[in-house]
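Below you'll find the structure, written out as structure tokens, and then a few comments.
Coordinate-derived values only; no laboratory data. In this text the structure is predicted, and so the values were computed from the model without any measurement. Cβ placement follows ideal geometry from the backbone for every residue including glycine, while neighbour counts extend to all protein chains displayed.
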Amino acid sequence: MDQLLFIETGFGVDVHGQDATTAAVRAVRDAIHRNSMPGIAGLLPGNDLNNMKVTIRLAVPIDKESLDFDKIKAEIPYGTVTIKVMDGGMAAPSGIILKEKNDKNDLMYIVNASVEVGY
């Protein structure tokens, strides 16, 4: 990305499913779902939304290798999307004990997202 225009942040939780992708998708939605950028095309080369570049940085606590990048990228409606994954987030007990898993705690997966937009 040659020119960074703005960064949005968010977090997402999968409370009982223990699915890092679900938490990541929710984190990206949290970062972008309260925003509208009606003037963004005018800032992009050729005034074209297809020239927008988006970098999604995800801090994921566990199961990073299971992330479905296509599902996460689908949350971004325009441009070219790159995903970068790092250690972070949290795997915290949900308060439920799973009998079928030898009395282990059910975990909430919490993912942090930073969505960078530019060109």
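Some observations on this one:
- Tilt relative to the chain, helix 20-32 - C-alpha long axis, 0 to 90 degrees, to 10: 40 degrees
- Among the listed pairs 71/104; 53/84; 53/73, a Cα-Cα separation exceeding 23 Å is found for 71/104.
- Charge dipole magnitude, Cβ of K and R +1, D and E -1 - the chain, Cα centre, debye nearest 20: 120 debye
- Remark: 5, 107 ranked as 5, 107, counting other beta-carbon atoms within 10 Å and listing the fewest first.
- Trypsin sites (Lys or Arg not before Pro) restricted to the stretch 23-119 and DSSP loop, no more than 14 other C-beta within 10 Å: 34
- Overall Cα dimensions of the chain - principal axes, largest extent first, Å: 58, 25, 19
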